[in-house]
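This report concerns only the one structure given below.
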Amino acid sequence: MAAAPRRSDMEKQLFTLQWHITHRCNLRCAHCYQNDYSAFPDKDELFAVIDDFEKLMEHTGFCGRMNITGGEPMTHPAVFLLLEELNRRSIPFAVLTNGTLIGKREARKLKELGAEYVQVSLDGMKKAHDKIRGEGSFDAAVQGLCRLLREDIDATVSFTAQSGNIKELPKLARFCKDLGVKKLWYDRVVIPAPEDAEKLSLTKEQAQMLMKTGVRLAKNHPVWNQRALQFRYSGDRFVYSCEAGKHLLALLADGTVMPCRRLPVTVGKLPENSLTEIWETSPLLKELREDQIPDDCSGCENAPLCRGGAKCVAFAKTGEWRNRDPDCFL
(Lines give C-alpha, C1' and ligand atoms only; values in the text may rest on other atoms or scores of the structure.)
Protein backbone atom coordinates (compact mmCIF):
# COMPACT_ATOMS: atom_id res chain seq x y z
CA MET A 1 0.00 0.00 0.00
CA ALA A 2 1.54 3.30 -1.07
CA ALA A 3 2.33 5.82 1.63
CA ALA A 4 0.56 9.16 1.67
CA PRO A 5 2.64 12.19 0.66
CA ARG A 6 4.85 13.47 3.46
CA ARG A 7 4.23 16.89 4.92
CA SER A 8 6.46 19.11 7.01
CA ASP A 9 6.12 18.81 10.78
CA MET A 10 4.48 22.24 10.89
CA GLU A 11 1.73 21.04 8.54
CA LYS A 12 1.08 17.68 10.14
CA GLN A 13 -2.11 17.06 12.08
CA LEU A 14 -1.90 15.52 15.51
CA PHE A 15 -3.13 11.94 15.75
CA THR A 16 -3.57 10.24 19.12
CA LEU A 17 -3.60 6.53 19.85
CA GLN A 18 -5.14 5.94 23.25
CA TRP A 19 -3.44 2.69 24.13
CA HIS A 20 -4.79 0.58 26.98
CA ILE A 21 -1.63 -1.44 27.55
CA THR A 22 -3.29 -3.61 30.19
CA HIS A 23 -6.78 -4.33 31.44
CA ARG A 24 -5.46 -5.01 34.93
CA CYS A 25 -6.32 -2.42 37.56
CA ASN A 26 -5.90 -2.05 41.31
CA LEU A 27 -9.27 -0.28 41.60
CA ARG A 28 -12.86 -1.12 40.67
CA CYS A 29 -14.56 2.19 39.88
CA ALA A 30 -18.33 2.46 39.80
CA HIS A 31 -18.45 3.93 36.30
CA CYS A 32 -15.68 1.83 34.72
CA TYR A 33 -16.43 0.41 31.27
CA GLN A 34 -13.94 -2.41 31.81
CA ASN A 35 -15.44 -5.89 32.10
CA ASP A 36 -12.24 -7.88 31.60
CA TYR A 37 -9.24 -7.47 33.90
CA SER A 38 -7.00 -10.13 32.39
CA ALA A 39 -5.61 -8.88 29.05
CA PHE A 40 -1.92 -8.24 29.53
CA PRO A 41 0.39 -8.12 26.45
CA ASP A 42 4.09 -8.83 27.00
CA LYS A 43 7.05 -6.61 26.09
CA ASP A 44 7.45 -8.00 22.58
CA GLU A 45 3.77 -7.46 21.80
CA LEU A 46 4.01 -3.89 23.08
CA PHE A 47 7.01 -3.14 20.88
CA ALA A 48 5.25 -4.65 17.86
CA VAL A 49 2.43 -2.16 18.34
CA ILE A 50 4.91 0.72 18.27
CA ASP A 51 6.21 -0.55 14.91
CA ASP A 52 2.65 -0.76 13.62
CA PHE A 53 1.84 2.74 14.86
CA GLU A 54 4.89 4.22 13.14
CA LYS A 55 3.79 2.63 9.87
CA LEU A 56 0.34 4.17 10.23
CA MET A 57 1.85 7.60 10.84
CA GLU A 58 4.10 7.16 7.80
CA HIS A 59 1.08 6.18 5.72
CA THR A 60 -1.20 9.03 6.85
CA GLY A 61 1.38 11.76 7.31
CA PHE A 62 -0.02 12.52 10.76
CA CYS A 63 2.12 13.56 13.71
CA GLY A 64 1.55 10.74 16.20
CA ARG A 65 1.20 10.76 19.98
CA MET A 66 0.36 7.93 22.34
CA ASN A 67 -1.75 8.23 25.48
CA ILE A 68 -0.72 5.27 27.62
CA THR A 69 -3.45 4.04 29.93
CA GLY A 70 -5.25 0.91 31.13
CA GLY A 71 -6.75 -0.53 33.27
CA GLU A 72 -4.05 1.02 35.34
CA PRO A 73 -0.87 1.34 33.24
CA MET A 74 1.37 1.31 36.31
CA THR A 75 0.37 -2.30 37.00
CA HIS A 76 2.24 -3.42 33.86
CA PRO A 77 5.82 -4.46 34.75
CA ALA A 78 7.06 -3.36 31.31
CA VAL A 79 5.48 0.09 31.36
CA PHE A 80 8.79 1.92 31.74
CA LEU A 81 10.48 -0.26 29.12
CA LEU A 82 7.67 0.83 26.81
CA LEU A 83 8.05 4.51 27.71
CA GLU A 84 11.82 4.28 27.27
CA GLU A 85 11.27 2.91 23.77
CA LEU A 86 8.81 5.68 22.91
CA ASN A 87 11.35 8.19 24.14
CA ARG A 88 14.11 6.55 22.09
CA ARG A 89 11.96 6.71 18.95
CA SER A 90 10.92 10.33 19.68
CA ILE A 91 7.24 9.44 19.87
CA PRO A 92 5.47 11.91 22.18
CA PHE A 93 3.45 10.29 24.93
CA ALA A 94 1.24 11.03 27.91
CA VAL A 95 0.18 8.73 30.75
CA LEU A 96 -3.41 8.48 32.01
CA THR A 97 -3.50 6.96 35.50
CA ASN A 98 -5.53 6.73 38.68
CA GLY A 99 -2.44 8.08 40.46
CA THR A 100 -2.44 5.60 43.32
CA LEU A 101 0.74 3.79 42.20
CA ILE A 102 2.85 6.89 41.48
CA GLY A 103 5.69 6.81 44.00
CA LYS A 104 8.81 8.98 44.05
CA ARG A 105 10.62 6.62 41.69
CA GLU A 106 7.76 6.55 39.19
CA ALA A 107 7.42 10.33 39.21
CA ARG A 108 11.16 10.82 38.64
CA LYS A 109 11.17 8.28 35.82
CA LEU A 110 8.21 9.93 34.08
CA LYS A 111 10.04 13.24 34.27
CA GLU A 112 13.28 11.70 32.99
CA LEU A 113 11.53 10.09 30.02
CA GLY A 114 9.80 13.31 29.01
CA ALA A 115 6.10 12.57 29.45
CA GLU A 116 4.18 15.39 27.78
CA TYR A 117 1.75 15.26 30.67
CA VAL A 118 0.39 12.83 33.24
CA GLN A 119 -3.33 12.79 33.88
CA VAL A 120 -4.65 11.76 37.29
CA SER A 121 -8.33 10.98 37.83
CA LEU A 122 -10.09 12.67 40.76
CA ASP A 123 -13.86 12.33 40.90
CA GLY A 124 -14.46 14.84 43.66
CA MET A 125 -13.12 15.31 47.15
CA LYS A 126 -12.31 12.44 49.52
CA LYS A 127 -15.80 11.19 50.42
CA ALA A 128 -17.19 11.35 46.90
CA HIS A 129 -14.04 10.03 45.22
CA ASP A 130 -13.67 7.09 47.61
CA LYS A 131 -17.34 6.17 47.14
CA ILE A 132 -16.69 5.85 43.40
CA ARG A 133 -13.16 4.41 43.37
CA GLY A 134 -12.71 2.70 46.73
CA GLU A 135 -11.74 3.61 50.29
CA GLY A 136 -8.32 5.24 50.56
CA SER A 137 -8.04 5.87 46.82
CA PHE A 138 -8.36 9.66 47.14
CA ASP A 139 -5.42 10.04 49.52
CA ALA A 140 -3.28 7.71 47.41
CA ALA A 141 -4.17 9.54 44.19
CA VAL A 142 -3.43 12.96 45.70
CA GLN A 143 -0.07 11.73 47.00
CA GLY A 144 0.77 10.54 43.49
CA LEU A 145 -0.38 13.85 42.01
CA CYS A 146 1.77 15.82 44.46
CA ARG A 147 4.82 13.71 43.60
CA LEU A 148 4.30 14.52 39.93
CA LEU A 149 3.98 18.22 40.69
CA ARG A 150 7.17 18.18 42.77
CA GLU A 151 8.99 16.80 39.73
CA ASP A 152 7.64 19.73 37.72
CA ILE A 153 5.67 17.41 35.47
CA ASP A 154 2.65 18.82 33.65
CA ALA A 155 0.15 16.98 35.85
CA THR A 156 -3.50 17.43 34.90
CA VAL A 157 -6.62 16.26 36.71
CA SER A 158 -9.64 14.68 35.02
CA PHE A 159 -13.09 14.70 36.62
CA THR A 160 -15.74 12.29 35.36
CA ALA A 161 -19.12 13.78 36.18
CA GLN A 162 -21.92 11.43 37.11
CA SER A 163 -25.23 11.92 38.88
CA GLY A 164 -23.79 11.37 42.36
CA ASN A 165 -20.74 13.64 42.19
CA ILE A 166 -21.79 16.47 39.87
CA LYS A 167 -21.75 19.04 42.71
CA GLU A 168 -18.12 18.20 43.56
CA LEU A 169 -16.61 20.19 40.68
CA PRO A 170 -16.39 23.57 42.52
CA LYS A 171 -14.69 22.01 45.55
CA LEU A 172 -12.31 20.06 43.34
CA ALA A 173 -11.49 23.18 41.31
CA ARG A 174 -10.48 25.06 44.47
CA PHE A 175 -8.46 22.08 45.65
CA CYS A 176 -6.58 21.83 42.35
CA LYS A 177 -5.86 25.54 42.34
CA ASP A 178 -4.39 25.32 45.84
CA LEU A 179 -2.19 22.36 44.82
CA GLY A 180 -0.84 24.21 41.79
CA VAL A 181 -2.53 22.03 39.15
CA LYS A 182 -2.58 23.97 35.87
CA LYS A 183 -5.43 22.10 34.21
CA LEU A 184 -8.59 20.41 35.48
CA TRP A 185 -10.83 19.09 32.75
CA TYR A 186 -14.22 17.48 33.15
CA ASP A 187 -16.54 15.41 31.04
CA ARG A 188 -19.74 13.44 31.28
CA VAL A 189 -19.73 9.79 32.26
CA VAL A 190 -20.59 7.57 29.30
CA ILE A 191 -22.47 4.37 30.09
CA PRO A 192 -24.80 2.71 27.55
CA ALA A 193 -28.36 3.16 28.81
CA PRO A 194 -29.17 -0.59 29.08
CA GLU A 195 -26.14 -1.06 31.36
CA ASP A 196 -26.70 2.00 33.56
CA ALA A 197 -28.55 0.20 36.36
CA GLU A 198 -27.28 2.69 38.96
CA LYS A 199 -28.47 5.68 36.90
CA LEU A 200 -25.02 7.26 36.93
CA SER A 201 -25.47 9.09 33.63
CA LEU A 202 -26.33 12.77 33.77
CA THR A 203 -29.70 14.01 32.70
CA LYS A 204 -29.79 16.70 30.03
CA GLU A 205 -30.48 19.30 32.72
CA GLN A 206 -27.57 18.07 34.88
CA ALA A 207 -25.21 18.16 31.89
CA GLN A 208 -26.15 21.76 31.19
CA MET A 209 -25.73 22.71 34.85
CA LEU A 210 -22.28 21.09 34.86
CA MET A 211 -21.16 23.06 31.81
CA LYS A 212 -22.44 26.34 33.19
CA THR A 213 -20.62 25.63 36.46
CA GLY A 214 -17.40 24.84 34.60
CA VAL A 215 -17.53 28.10 32.67
CA ARG A 216 -18.10 30.08 35.87
CA LEU A 217 -15.23 28.34 37.66
CA ALA A 218 -12.81 28.88 34.77
CA LYS A 219 -12.71 32.62 35.50
CA ASN A 220 -10.62 32.02 38.63
CA HIS A 221 -9.64 28.35 38.57
CA PRO A 222 -7.64 26.05 36.27
CA VAL A 223 -10.81 24.60 34.72
CA TRP A 224 -10.61 23.70 31.03
CA ASN A 225 -13.77 24.09 28.97
CA GLN A 226 -12.91 22.47 25.66
CA ARG A 227 -15.07 19.38 25.39
CA ALA A 228 -18.24 18.64 23.47
CA LEU A 229 -21.01 21.27 23.92
CA GLN A 230 -19.08 23.25 26.54
CA PHE A 231 -18.61 26.14 24.12
CA ARG A 232 -22.38 26.68 24.23
CA TYR A 233 -22.02 28.19 27.66
CA SER A 234 -18.57 29.77 27.56
CA GLY A 235 -18.88 32.05 24.56
CA ASP A 236 -15.40 30.87 23.51
CA ARG A 237 -14.51 30.94 19.85
CA PHE A 238 -13.08 27.44 20.28
CA VAL A 239 -15.66 24.83 19.23
CA TYR A 240 -14.84 21.21 19.95
CA SER A 241 -15.60 18.52 17.39
CA CYS A 242 -15.51 14.81 18.20
CA GLU A 243 -12.21 13.32 17.01
CA ALA A 244 -13.20 9.65 17.22
CA GLY A 245 -12.00 7.80 14.14
CA LYS A 246 -10.62 10.98 12.58
CA HIS A 247 -7.56 11.87 14.64
CA LEU A 248 -8.09 9.35 17.42
CA LEU A 249 -8.14 5.58 17.78
CA ALA A 250 -8.29 3.45 20.90
CA LEU A 251 -6.36 0.19 21.19
CA LEU A 252 -7.26 -2.25 23.95
CA ALA A 253 -4.86 -4.67 25.60
CA ASP A 254 -6.41 -7.63 23.77
CA GLY A 255 -5.78 -5.96 20.40
CA THR A 256 -9.29 -4.63 19.85
CA VAL A 257 -9.37 -1.32 17.98
CA MET A 258 -12.17 1.22 18.46
CA PRO A 259 -12.71 4.78 17.20
CA CYS A 260 -12.65 5.87 20.86
CA ARG A 261 -12.80 3.93 24.12
CA ARG A 262 -16.02 5.75 25.00
CA LEU A 263 -17.52 4.73 21.63
CA PRO A 264 -17.34 0.94 22.11
CA VAL A 265 -17.71 -0.20 18.50
CA THR A 266 -15.00 -2.57 17.25
CA VAL A 267 -13.39 -1.65 13.91
CA GLY A 268 -10.62 -4.26 13.85
CA LYS A 269 -8.17 -6.28 15.90
CA LEU A 270 -4.40 -6.61 16.11
CA PRO A 271 -2.39 -8.57 15.07
CA GLU A 272 -4.88 -10.10 12.62
CA ASN A 273 -4.95 -6.74 10.85
CA SER A 274 -2.49 -3.87 10.98
CA LEU A 275 -3.50 -0.40 12.11
CA THR A 276 -3.00 0.81 8.55
CA GLU A 277 -5.28 -1.90 7.15
CA ILE A 278 -7.94 -1.07 9.72
CA TRP A 279 -7.61 2.64 8.97
CA GLU A 280 -8.03 2.07 5.23
CA THR A 281 -10.68 -0.66 5.17
CA SER A 282 -13.04 -0.06 8.10
CA PRO A 283 -16.40 1.22 6.77
CA LEU A 284 -17.13 2.79 10.17
CA LEU A 285 -13.87 4.75 10.25
CA LYS A 286 -14.47 5.93 6.70
CA GLU A 287 -17.93 7.15 7.69
CA LEU A 288 -16.60 8.93 10.77
CA ARG A 289 -14.02 10.70 8.64
CA GLU A 290 -16.80 11.92 6.32
CA ASP A 291 -17.96 13.84 9.41
CA GLN A 292 -21.61 14.17 8.45
CA ILE A 293 -23.75 16.61 10.43
CA PRO A 294 -26.84 15.02 12.04
CA ASP A 295 -30.11 16.12 10.43
CA ASP A 296 -31.33 17.55 13.75
CA CYS A 297 -28.40 19.99 13.72
CA SER A 298 -28.85 21.27 10.19
CA GLY A 299 -30.24 24.64 11.26
CA CYS A 300 -27.59 25.38 13.90
CA GLU A 301 -24.95 28.01 13.13
CA ASN A 302 -22.33 26.02 15.04
CA ALA A 303 -23.05 22.72 13.28
CA PRO A 304 -20.19 23.02 10.75
CA LEU A 305 -17.73 23.07 13.67
CA CYS A 306 -19.50 21.11 16.42
CA ARG A 307 -20.67 18.37 14.00
CA GLY A 308 -23.37 17.20 16.40
CA GLY A 309 -21.48 16.99 19.70
CA ALA A 310 -20.14 13.86 21.39
CA LYS A 311 -20.81 10.71 19.37
CA CYS A 312 -20.14 8.53 22.41
CA VAL A 313 -22.90 10.26 24.40
CA ALA A 314 -25.30 9.95 21.48
CA PHE A 315 -24.47 6.23 21.24
CA ALA A 316 -24.85 5.66 24.99
CA LYS A 317 -28.14 7.51 25.36
CA THR A 318 -29.84 6.77 22.04
CA GLY A 319 -28.08 3.64 20.76
CA GLU A 320 -27.01 5.44 17.57
CA TRP A 321 -23.79 7.45 17.28
CA ARG A 322 -25.06 9.21 14.15
CA ASN A 323 -27.67 11.07 16.21
CA ARG A 324 -26.95 14.48 17.66
CA ASP A 325 -25.66 14.76 21.20
CA PRO A 326 -28.88 14.52 23.28
CA ASP A 327 -27.52 16.84 25.98
CA CYS A 328 -27.43 19.83 23.64
CA PHE A 329 -29.89 22.47 24.86
CA LEU A 330 -30.98 23.51 21.35
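Please verify whether the stretch 26-43 includes one or more residues that are more than 30 Å from Val189 (Cα to Cα), in a helix (DSSP H, G or I) and open to solvent by 20 Å² or more (accessible area, probe 1.4 Å).
Looking through the stretch 26-43, at least one residue is more than 30 Å from Val189 (Cα to Cα), in a helix (DSSP H, G or I) and open to solvent by 20 Å² or more (accessible area, probe 1.4 Å).
If a residue must be hydroxyl-bearing (Ser, Thr, Tyr), assigned to a loop (DSSP other than H, G, I, E, B) and modelled with pLDDT of 95 or more, how many such residues does the stretch 224-283 contain?
Selection size over the stretch 224-283: 3.
Which residues, counting only those in the stretch 171-181, are surrounded by fewer than 21 Cβ atoms within 10 Å (Cβ to Cβ) and touching a helix residue (DSSP H, G or I) at 6+ places or on another chain (Cβ under 9 Å)?
Result: Lys171, Arg174, Phe175, Leu179, Gly180.
For the stretch 256-275, which positions are open to solvent by 20 Å² or more (accessible area, probe 1.4 Å) and not hydrophobic (A, V, I, L, M, F, W, C)?
Arg261, Arg262, Pro264, Thr266, Lys269, Pro271, Glu272, Asn273, Ser274
Taking the stretch 114-155 only, how many residues are of a type in the set (Val, Ile, Thr) and either in contact with a Cys (Cβ under 9 Å, 6 or more places away or on another chain) or surrounded by fewer than 18 Cβ atoms within 10 Å (Cβ to Cβ) (or both)?
So the count comes out to 1.
For Arg232, only one of the following conditions fails: (1) farther than 22 Å from Asp130 by Cβ; (2) among the basic types (Lys, Arg); (3) touching a Gly at 6+ places or on another chain (Cβ under 9 Å). What is its number?
For Arg232, the exception is condition (3).
Any residue at all in the stretch 237-247 that is touching a Pro at 6+ places or on another chain (Cβ under 6 Å), crowded, with 16+ Cβ neighbours inside 10 Å, in contact (Cβ under 8 Å) with a residue 24 or more places away in the chain and not aliphatic (A, V, I, L, M)?
Yes, the stretch 237-247 contains at least one residue that is touching a Pro at 6+ places or on another chain (Cβ under 6 Å), crowded, with 16+ Cβ neighbours inside 10 Å, in contact (Cβ under 8 Å) with a residue 24 or more places away in the chain and not aliphatic (A, V, I, L, M).
So in the stretch 195-232, with the set limited to residues that are within 29 Å of Gly180 (Cβ to Cβ) and in contact with a Pro (Cβ under 8 Å, 6 or more places away or on another chain), which one is least open to solvent (accessible area, probe 1.4 Å)?
Top of the filtered list is Leu217.
The values are calculated or read from the model by the stated rules, or taken from the named source; none is laboratory data. Values in this document were obtained by computation on a predicted structure and should not be read as measured data. Please note: Cβ atoms are built from the backbone with ideal geometry, for glycine as well, and neighbour counts cover all protein chains shown. These accessible areas exclude ligands, DNA and RNA; they are computed on the full protein's heavy atoms, side chains included. Shrake-Rupley method; radii C 1.70, N 1.55, O 1.52, S 1.80 Å.
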